[in-house]
Amino acid sequence: MMTSRRKFLKTAALSGASLVIGFNGVRLLQGAKTSAPFQPNAWIRIDADGIVTLTIGKSEMGQGVRTSLAMLLAEELEADWTHIKLVQASPWPGSDLGTGGSDSIRSSWKPLRQAGAAAREMLTTAAAARWKVDRSSCTASHGAIIHSPSGRSLNYGELVGDAAKLPVPQDSPLKDKKNFKIIGQRTSRIDGHDIVTGKARYGIDVKIPGMLHASLERPPWDGAKVKRVQEDAARSVGGVRSVIKLSRGIAVVADTSWSAIKGRTALAAEWDDPPKDAFDSETHARRLETASRETGFITRSEKAPAGTGDITKTIEATYHYPFYAHAPVETMNCVADVREDHCTLWVPTQAPERLQNRVGELLGIPADKVEVNITLIGGGFGRRLGFDYAVEAAEISRAAKAPVQLLWSRADDMKHGHFQAASVHYLSAGFDAQGRPVAWKHTKAGSFHNISPLDPKEAHDVAWYQDWSWGAYDVPYAFPEIQTAYVTVNLPVKHGPWRAVFAPSSVFAREAFFDEVAQARGADPLAFRLEMLKGADVIKVGSTVDRRRLRRVLEVVRDKSGWGASIAKGHGRGVACNAYFGHTYIAYVVDVAVAPGNNVRVERVVAAVDCGLVVNPIGVEQQMEGGIIWGISSALKGEITFRGGAAQQSSYADFEVARMHDTPAIEVHIVPSDGPEPFGMGEPPVPPIVPAIVNAVVAATGKRVRSLPIRPEHFRG
Amino acid sequence: MEKTELTINGAKHVVQVDDDTPLLWILRDTLGLTGTKFGCGVGVCGACTVLADGQAVRSCQIPCSAAAGRNFTTIEGLSPNGSHPCQRAWLEEEVAQCGFCQPGMIMTACALLRENPNPTDGLIDKVMSDSVCRCGTYPRMRRAIWRAAEQMRSPKQ
Ligand code: FES
Ligand code: FES
C-alpha cells in the first residue's frame, strides 16, 4: 500500500489538479477547481497522484465504519482500494455528523455511492474526450479508465484536471448489486496496521504544543459541597501549575499526567455527607416495581378479534433490569485550547455538533468558532453521545489560559457515567380454555434519559413513548390481544443511551417471559416462537417487523445448533430472537453449563443474523461476536449500584466485564437477505443475547431467573 | 528529581521525572510513545502492558525507580513495521475493533508465546483473562494466538 502510494506521489508533483465532489445534503456539488483547498465537507477528493481522499463524517469507535464507508465509495468509483485515504470530517454549520443508533451505513448508503458514481462518470467523460472516442466504449476499473478497443488506459490521477472542469452529474446510474466487486467482500480494516503497531491515535494520544494536563475531582453526588480540601498540598506537588475551582469540581492542572493525578490525590477532598433521601438504586428498584403496576402511556393496543376464546387463565411476572456502565477501555478525555474568541477541541465524540453548541454557549462564542477535531474512539457504546468531559476541558482551559488535556481516571469513568437506566417490566399472558395464548401485556417502568435536551412537546405523542421502549411495543408475536405501555419514573442520576439504546431491558423481559408462556402452554420454546410468528408476514407497529425474516433466523439457529437433542445434566439450552427496530433480525441458541458451585458458563452460542445487504462480512461477524460478549457481561458480570447518590463501583474489579475465559465458542451464520439496503450492526446483536442466556440457565436449573445480572442465589436450593 | 537512564526498545533514554512516576506516563508523556495505553492506572485492565526483559508487565504499576536497568519493549518497538508473528496473526484474524486494548493484548500474547511456544487453551485463557477488551474481541484474539504460535514454531516466509 505504501509503496504504490509513494510511486504515485511523483506524478502528483507534476500537477496540482484535483477533483473534488461534495454533497450538501440535497445535491452533489460542483467539482472544485484546480488547486482548490480541500473542503472538509467534501465527500471525495481525487488528486493528481491518484490518491482518493474520502472524508468520513462518522466517528470510528470499533464498528469499522471507516472501512465500510470507504467500501461504498470505492465500489461506485471503481477505485483502487490501495489508493484510498481517509480524513475525519469536522462539523460545519448545518452538518450532522453524530454517530449512533447503528445508522451510519444506512444513511450513507445512497449519497456516498451517488458521489462515487458521479466522479466515475466525470472521469470517463474526460478520458473519452481526450481520446476522442465514444464514452460508451470506455470502462472504469481499479482507478483507471480503459478503452478496450485500442488497449489504452489512463489513471484517474491523469484525468482529474479535465474532469474537474465538467459539471457534476446528479443522477449517475448506480451499479446493480450483482455487479458489486467490493461491497459484500471480506475486507480488512483500513486502519488495522496502525492499530497493531501502536500508531493509531485516540483522543488520549493527542498532544499539542504547550499542552498541560488536568485531573478533576468531582462531587460524589449531585449538589455535594466540599467540606475540606488541601489546595496547598496539591500545589506543592512537583509539576502542578494551578488548582482551579469549577462548577463541576476542583481541577488540578499540571505539566504531566502524573503530576495532575498526584496533585488531585493530594487535594484529599472531603465532601458533605449525602442527605438521607439521596439516590439509592434499591429504593429506586422498588419505586419502579410499584410504577410497573400503573397503566402508563399505552404504546400499543390491539383488541382480540371476535371469536377469540375468553381468558380462563393468566400468568404474570416481574422482571428487573439493573444499571450498567459503558466502561470503554479509553476513559473520557478531551484536549481543549480556549483562546479569546475561539476554541479548538480534540475529542473522541459521537456527538460533535451538540458538543460544539454546548461549548460555544459556555464560552459565549458562536458555535462555528468552536473547532471540533474528532479523534479515533477507544470504545463508544453510546457514552460519547454525552459531552460532559469536553465541556469540563473547555472550562479548565479557559481558566488555565492554556491548552489542556483532561483525562478521567477509571473511577471517574465508572462513577460519573451516563448509565444504562434500570427498569422494571411487568408482563402477563392470558390463555383460553383450550390453553391457547390469547393475550399479551407488557408494561415497562423506566426513565427518559437526561443527558441531552428532550423536547417535552413530544411527550404526549405515542411515537415518543415507543422510542423509549424498543423491544416492548414492537413485540413480534401474534397474540390476538396485545397491550404495551410505558410508565415514566424520574431518575436523578445521569443516564443515557447505551449499546442498543433502550432495547436490551425490554427484549430481556419479553423473550424471557415468552419462555414462561411457552412453558405454561407445554410447548417447545423455539417451535412456539415460530408458531407465534405466523399470521401477517409484515406488521407495522411504529417500526415494521417482517416476521418472515425473524422466522428464517430462528430456523437457521434451530438447524445449526441441533436444537431438541438431549442435554447433559447441569447444562441447558436457550433461545431468543429480536427484530432490531425492524432492520436487523437476529436469533441465538445458547448452551450454558451450571457448575456445582452455581457458576454459570456460556459454552456455545449459535447465531443467525439477517442485516439486509451485507457490506463487509468481517464487520458483521465482529459486531456479532462483540455484541455476544457484551451480553455475557451484562448477563453474568457487573452492575452499577447507587448508595448515597453515588455509584459504588470504581473499576473493572468491581464492575466486572467478560474476559477471555468467559468466551464461548461462537458460530455466526449470516443469512442471505433480500433486504435491498444495509443496516448497522453495532447495536442489534446486544438485546437478544441476554434472554437467550437466561432461558438456557432456566433450562439447566429449572429455576426462573427474573433479574440481572444472574447470580447463584437466583437458582440455589 | 534524579536523572534515570531507561532502556526502551533498545535505545537508552535519560529522563528526569519524579521517582514515583509510573513507566506508563514516562512512555506516553515524556517519550511520546503513545502506543502503550492508559486504561485504569490501577493494574486491572492490561492496556498498559509492555515487556520487561521479555516478561509482560503493567507499566502503570512500575515506578521510575524500579524501571532502571531493565530492557523494555513497547508496541512501537516490537518489530520493524508490524512484522512480529503476533502482529501479523492479529491482522490475519481481523482481531481489532476499536483497537484501544490491542497493543496491551499483543504484548501480553507475545510474552506468553515466548515462554510457552505451544500454550494450551487453558493457559491462553488464564494469561489473557487478566486484560480487558470491552469490544469483545476475545474469540479472534484466541485464534490469533493459535496462529502466531504456529507461525513461531514453523516460520515460513
Ligand atoms: S492501565 Fe495499567 S493495568 Fe490498566
Ligand atoms: S478492541 Fe476495543 S477494547 Fe479491545
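What the table shows:
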| read-out | value |
| --- | --- |
| Residue within the range B:40-57 that is among the hydroxyl-bearing types (S, T, Y) and either away from ligand 2 (no atom under 16 Å from the Cβ) or without any contact (Cβ under 8 Å) to a residue 60 or more places away in the chain (or both) present | no |
| The one condition in (1) over 17 Å from A:S428 (Cβ atoms); (2) assigned to a strand (DSSP E or B) that A:V487 fails to fulfil | (1) |
| Within the range A:276-341, strands (runs of 3 or more DSSP E) holding 1 or more residues that are closer than 30 Å to A:A635 by Cα, away from ligand 1 (no atom under 16 Å from the Cβ) and open to solvent by 90 Å² or more (accessible area, probe 1.4 Å) | A:313-321 |
| Criterion: outside any strand (DSSP E or B) and not assigned by TED's automatic domain parsing to the domain that holds A:R66 - qualifying residue of A:R604, A:R551 | A:R551 |
| Residue in the range A:214-224 that is part of a loop (DSSP other than H, G, I, E, B) and farther than 24 Å from A:D413 by Cβ present | no |
| Any hit, the range A:684-698, residues being polar (S, T, N, Q) and open to solvent by 10 Å² or more (accessible area, probe 1.4 Å) | no |
| Among (1) modelled with pLDDT of 95 or more; (2) within 30 Å of A:G380 (Cα to Cα), the one test that A:F581 misses | (1) |
| Hits in the range A:182-209 - residues which are at the interface with chain B (Cβ under 7 Å from one of its Cβ atoms), of a type in the set (V, I, T) and farther than 16 Å from B:Q97 by Cα | A:I204 |
| Per-region count, the range A:191-205, residues among the charged types (D, E, K, R) and in a helix (DSSP H, G or I) | 2 |
| Of the criteria (1) away from every other protein chain (no Cβ under 14 Å); (2) in contact (Cβ under 8 Å) with a residue 60 or more places away in the chain; (3) open to solvent by 10 Å² or more (accessible area, probe 1.4 Å), which one A:L363 fails | (2) |
| One residue from A:V614, A:V575, A:V592, A:V600 being touching a His at 6+ places or on another chain (Cβ under 8 Å) and away from every other protein chain (no Cβ under 14 Å) | A:V592 |
| Residue among A:S469, A:S397, A:S423, A:S428 that alone is open to solvent by 10 Å² or more (accessible area, probe 1.4 Å) and polar (S, T, N, Q) | A:S428 |
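The values are calculated or read from the model by the stated rules, or taken from the named source; none is laboratory data. For clarity, every value in this text was computed on a predicted model and none was experimentally measured. Because the Cβ atoms are built from the backbone with ideal geometry, glycine has one as well, and the counts that use them run over all protein chains shown. The accessibility values were calculated without ligands, DNA or RNA, using every heavy atom of the protein model including side chains. Shrake-Rupley method; radii C 1.70, N 1.55, O 1.52, S 1.80 Å.
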